[in-house]
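**Student:** Before we start, here is the structure in question, set down as structure tokens.
Rule-based calculations on the coordinates, nothing more; no lab input. Remember, it's a predicted structure, so these values are computed and weren't measured experimentally. In this analysis, Cβ positions are derived from the backbone assuming ideal geometry, glycine residues included, and neighbour counts consider all displayed protein chains.
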Amino acid sequence: MWTFLSNYAHVLVCIARDPDATLREIAAFVGVTERAVHRIVHELESAGVVVCVREGRRNHYSIN
């Protein structure tokens with residue numbers, strides 16, 4: 001499927017819509033593997049675009 005947005009942009013949209021979404025939920029929305037979403041989120045965190053805060057057994061994401 002061809003889209004205007006990259007997978008990185010799709011992940012950011014998911015995080016903006018639901019900061020408490022799991023990586024599995026984000027992967028299902030974007031249409032990629034959970035491992036790919038993990039890599040994308042890690043790269044976005046390293047770049048300072050996304051902040052991840054651990055809340056119990058879940059993560060809460062926010063966009064800088």
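**Student:** I'd like the orientation of helix 7-17 relative to the chain: the angle between its Cα long axis and the longest Cα principal axis, in ° from 0 to 90, rounded to 10.
**Tutor:** Compared with the principal axis, the helix lies near 50 degrees.
**Student:** Given the options LEU23, LEU44, LEU12, state which has the largest fluctuation in a GNM of the chain using a 10 Å cut-off (strictly under) for Cα springs.
**Tutor:** LEU44
**Student:** Tell me, in nm to one decimal, what length is gained between HIS60 and LEU5 on full extension, where the rule is 0.36 nm per residue of separation less the Cα-Cα distance?
**Tutor:** Values: separation 55, 0.36 × 55 = 19.80 nm, distance 2.33 nm.
Gain on stretching HIS60 to LEU5: 17.5 nm.
**Student:** Turning to a different aspect of this structure: Could you check the spin-label model distance between ALA28 and HIS42? Points 7 Å from the Cα along Cα→Cβ, value in nm.
**Tutor:** Roughly 2.4 nm, to one decimal.
**Student:** Here's something else I'd like to know. Computed on alpha carbon atoms, what radius of gyration and Dmax characterise the chain, expressed in Å?
**Tutor:** According to the Cα coordinates of the chain, Rg and Dmax are 11.0, 37 Å.
**Student:** Here is a follow-up. In the chain, once you exclude exposed chymotrypsin sites (Phe, Trp or Tyr not before Pro) (DSSP loop, at most 13 other Cβ within 10 angstrom), what's the longest stretch remaining? Spell out each step's value before the answer.
**Tutor:** Values: sites that count: TRP2, PHE4.
Looking at the chain, 5-64 is the longest stretch - no exposed chymotrypsin sites (Phe, Trp or Tyr not before Pro) with at most 13 other Cβ atoms within 10 Å.
**Student:** I'd like the Karplus ³J(HN,Hα) series for region 20-26: coefficients 6.51, -1.76, 1.60, θ = phi - 60°, whole numbers in Hz, and an x wherever there's a Gly or Pro.
**Tutor:** Calculated HN-Hα couplings, in order: 9, 5, 7, 4, 5, 5, 5 Hz.
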